[in-house]
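The values are calculated or read from the model by the stated rules, or taken from the named source; none is laboratory data. Everything numeric in this text was worked out from a predicted model, so none of it was measured. As a convention, Cβ positions derive from the backbone with ideal geometry for all residues, glycine included, and neighbour counts pool all protein chains shown. What goes into the accessible areas is simple: the full protein's heavy atoms, side chains included, and nothing from ligands, DNA or RNA. Shrake-Rupley method; radii C 1.70, N 1.55, O 1.52, S 1.80 Å.
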Amino acid sequence: MLNVIHHASGGNAPPLLIAHGLYGSGRNWGVIAKRLSDRGPVLAVDMRNHGTSPWFSTHSYEDMAADLAEVIEAETGGPIDVLGHSMGGKASMVLALTRPDLVNRLIVADIAPVGYGHSQLQYIAAMRRVDLSAITKRSDAEAQLKDAVDDPALIPFFTQSLDVKEKKWRLNLDTLEAEMPKILSFPDLDSQFDGKTLFLSGADSDYVAREYRPRIKALFPDASFVKIKDAGHWLHAERPREFESAVRGWLENTTSV
C-alpha cells in the first residue's frame with residue numbers, strides 16, 4: 001500500500017486525503033496538512049513511484065486511482081474528502097469517477113480532465129545529470145540543478161525527493177519517463193461524479209482554461225471554480241495561506257454526505 005503520513009485531529013470533520021503532483025511527495029504538503037487537521041484527520045500519501053511508496057513499472061491514472069482506493073478502504077472505509085494537485089488531481093478525478101462510493105467531496109488543484117501537450121521529461125533529464133556521488137547536502141544538488149531547471153522555485157521542490165544519505169532519488173525516474181504519455185493524458189471514462197467538486201486554480205496558470213469547462217461539467221456536473229490571485233500552477237506552494245483558506249472555506253460551506 002502507499003505510504004501514508006497521518007495528521008491526527010481533535011476535530012470531527014470528515015477525513016481529508018491529499019494526493020500530490022508529479023515529482024512531489026506527501027511531505028511537500030506537511031504545513032497545509034497540519035493546519036487543515038484542526039478540522040479533522042488529514043492523510044497525505046506518497047503516490048506510487050514517489051517518496052517511500054512502492055515502485056512499479058506502470059504509472060497510469062487507473063493504477064493511481066486504485067492505489068488511493070486501497071488507502072481509503074484500509075484507513076476509513078470511505079467515503080472521504082479528497083484533494084489532489086496536478087497529477088494527484090487527475091488520479092483523484094479518476095478515483096471519483098470510478099469509485100464514487102469512496103469520495104465524499106473532491107478538490108482538484110490546477111488541473112483539468114484533459115490531455116496536455118507539454119512534457120516534463122526535461123526535469124527527469126536534469127535530475128539524472130546530478131552527480132549523486134558528490135552530494136553531502138541538498139544544496140549540493142541544488143547547485144547542480146541551477147543551470148538545468150528553468151524555474152528556480154522548482155529546484156528545492158525537486159531536492160525534497162533526494163535521499164542525501166543514500167545518495168539516490170526517491171523517484172522512479174525510469175518508470176516516470178516511460179509512462180510520461182499516460183501522465184500527460186487523461187483516461188476516456190464514460191461516467192460522472194455527482195458529488196460536490198471544486199476546481200481550484202492559480203489565476204496565472206493556464207492548466208484550467210475556460211474552454212475545458214464543458215468537459216469538466218460533463219464529468220463533474222456539480223463543479224465550481226475558484227482562482228487564487230497571483231498564483232501559478234504550484235499555487236499551494238506560492239500562496240499557501242490563500243490556498244488553505246480557499247480549501248477550508250469551501251469545505252466548511254459545502255454539505256458533506
- Message: Could you list, ordered by first residue, the pairs with Cβ atoms under 8 Å in which the first is in region 90-116 and under 21 Å from residue 75 (Cα atoms) and the second is surrounded by fewer than 22 Cβ atoms within 10 Å (Cβ to Cβ) and polar (S, T, N, Q), at least 6 apart or interchain?
- Response: 97/191; 97/192; 98/191; 104/256; 105/254; 105/256
- Give the residues of region 47-66 that are closer than 20 Å to residue 169 by Cβ, in contact with a Lys or Arg (Cβ under 9 Å, 6 or more places away or on another chain) and touching a residue at least 60 places away in the same chain (Cβ under 8 Å), sorted by residue number. 50, 51, 52, 55, 56, 58, 59
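With the requirement that a residue be under 19 Å from residue 36 (Cβ atoms) and crowded, with 24+ Cβ neighbours inside 10 Å, what does region 56-71 give you?
Here is the first cut: in region 56-71, the ones under 19 Å from residue 36 (Cβ atoms) are 68, 71.
Within region 56-71, just 68 meets the criteria.
Here is a yes/no grid of residues against (1) touching a Ser or Thr at 6+ places or on another chain (Cβ under 6 Å); (2) in a strand (DSSP E or B); (3) of a type outside the set (A, V, I, L, M, F, W, C):
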site: 67; (1), (2), (3): no, no, yes
site: 71; (1), (2), (3): no, no, no
site: 74; (1), (2), (3): no, no, no
site: 90; (1), (2), (3): no, no, yes
site: 94; (1), (2), (3): no, no, no
site: 107; (1), (2), (3): no, yes, no
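Here's the yes/no breakdown for (1) open to solvent by 20 Å² or more (accessible area, probe 1.4 Å); (2) of a type in the set (A, V, I, L, M); (3) closer than 25 Å to residue 39 by Cα:
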site: 207; (1), (2), (3): yes, no, no
site: 210; (1), (2), (3): yes, no, no
site: 222; (1), (2), (3): yes, no, yes
site: 225; (1), (2), (3): yes, no, yes
site: 243; (1), (2), (3): no, no, yes
site: 248; (1), (2), (3): yes, no, yes
- Task: Determine which member of the set 102, 83 is in contact with a helix residue (DSSP H, G or I) (Cβ under 6 Å, 6 or more places away or on another chain), at pLDDT 95 or above and open to solvent by less than 10 Å² (accessible area, probe 1.4 Å).
- Result: 102
- What number of residues within region 122-166 satisfy the criterion of being loosely packed, with under 15 Cβ neighbours inside 10 Å and either touching a Leu at 6+ places or on another chain (Cβ under 6 Å) or assigned to a helix (DSSP H, G or I) (or both)? 9
- Task: Could you list, in sequence order, all residues of region 9-36 that are within 14 Å of residue 53 (Cβ to Cβ) and either charged (D, E, K, R) or open to solvent by 20 Å² or more (accessible area, probe 1.4 Å) (or both)?
- Result: 27, 28
